[in-house]
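Where a number appears in this text, it was derived from the coordinates with a stated rule and is not lab data. All of these numbers come straight from a predicted model, not from anything done at the bench. Reconstructed Cβ throughout: ideal geometry from the backbone, glycine too, with neighbour counts over all protein chains shown.
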Amino acid sequence: MSNKHILVLGVGNLLLGDEGTGVRVIEKLEDEYLFSQNVELYDGGTLGLRLLEPISQADFVILVDIVHAKGAPGTIYRIEEKDLFKKIPYKCSLHELNIVEALIYAEELGHKPETVVIGIEPVVDFSSCSIELSDPVRGRMEDIVSAVLKEIEKAGGTWRKLEEPLRSVRVL
C-alpha cells in the first residue's frame, strides 16, 4: 500500500438518469467493497467548484462521470489528465466545467493531484427526469467498477470485495 491519498470522485445528477452514473458507481463501491485507508470515496454530486477542497487534498483523483464523445451508449472511456484539458468541456453541463476549473485552481494553490477520468457514454435523454440508469449504462456498471478498481491499484490502493453487500445487511 502506498501513502498516496487516492480520491475516487463520482459526480453527476441522480435525477437525470445516466447523468448520475458517477454517483451510482460510488454507491456501488461503498456497498460492495472495502478499501485501504489511503482510498477515499466521495459523492461529488453537482458540487462543482465546491469540490476544490477534497481535490486539493488528494494525491491522485479518479473522476467517474459520463462523457459525451459521440460513441455508442455504454462505451467506457479512460481520459488521462493531459487529454482532459484538451477536451474542455468533455461533457455538456456546468458541473463538469467546474470540476476542470477546480483542478486548475488546485494547481494554482500548489497542489493539483494526478487525475484520470473513467467515463461512460450515456443515452442522451433531456426530455424526462429519471432516477434509473439506461439499459446500456446499467449493463456496463460492473465494467466501470472494474476500471475504477484497476486505477485504485495502479495508484497504490488496495481493495477487497465484501461477501455480502452492505445494503443487503438488515439492522434489527
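By the count of neighbouring beta-carbon atoms within 10 Å, fewest first, Ile152, Ile131, Ile79, Ile99 end up ordered Ile131, Ile79, Ile152, Ile99. Listed from fewest to most Cβ neighbours within 10 Å, the set His5, His111 follows the order His111, His5. Computed extension gain for Gln37 through Lys70, at 0.36 nm per residue and net of the alpha carbon distance, reaches 8.2 nm.
Ranked by how many other Cβ atoms sit within 10 Å of their own Cβ, fewest first, the residues Leu52, Leu9, Leu162 fall in the order Leu162, Leu52, Leu9.
The Cα trace of segment 5-86 gives Rg and Dmax of 13.0, 37 Å, the first to one decimal, the second as a whole number.
Here the extension length gained between Leu15 and Lys82 equals 21.0 nm, from 0.36 nm per residue of separation less the Cα-Cα distance. Of the cross-linked pairs Lys4/Lys82; Lys28/Lys82; Lys70/Lys161; Lys112/Lys161; Lys70/Lys112, those separated by over 23 Å at the C-alpha level are Lys28/Lys82; Lys70/Lys161; Lys112/Lys161; Lys70/Lys112. For segment 142-149, putting each phi into the Karplus relation 6.51 cos²θ - 1.76 cosθ + 1.60 with θ = phi - 60° gives couplings of 4, 5, 5, 4, 4, 4, 5, 4 Hz, in residue order, rounded to whole numbers and with x for Gly and Pro. Once both labels are positioned 7 Å from their Cα atoms along Cα-to-Cβ, the gap between Glu107 and Arg160 label points is 3.9 nm.
Mind listing P(r) for the chain? All alpha-carbon pairs, 5 Å bins, whole percents. Going out from 0 Å in 5 Å bins, the chain shows 2, 9, 18, 22, 21, 15, 9, 4, 1, 0, 0 percent. Bridge orientation summary for segment 6-168: considering DSSP beta bridges with both residues in this region, about 30 percent are antiparallel.
Taken one residue at a time, the phi angles of segment 65-82 give Karplus couplings (6.51, -1.76, 1.60, θ = phi - 60°) of 6, 7, 9, 8, 10, 6, x, 5, x, x, 5, 9, 10, 10, 10, 6, 3, 4 Hz. Gly and Pro are set to x.
Taking DSSP loops as anything outside H, G, I, E and B, show the longest stretch in the chain free of trypsin sites (Lys or Arg not before Pro) there with at most 11 other beta carbons within 10 Å. With a cap of 11 other Cβ atoms within 10 Å, the longest stretch comes to 71-169.
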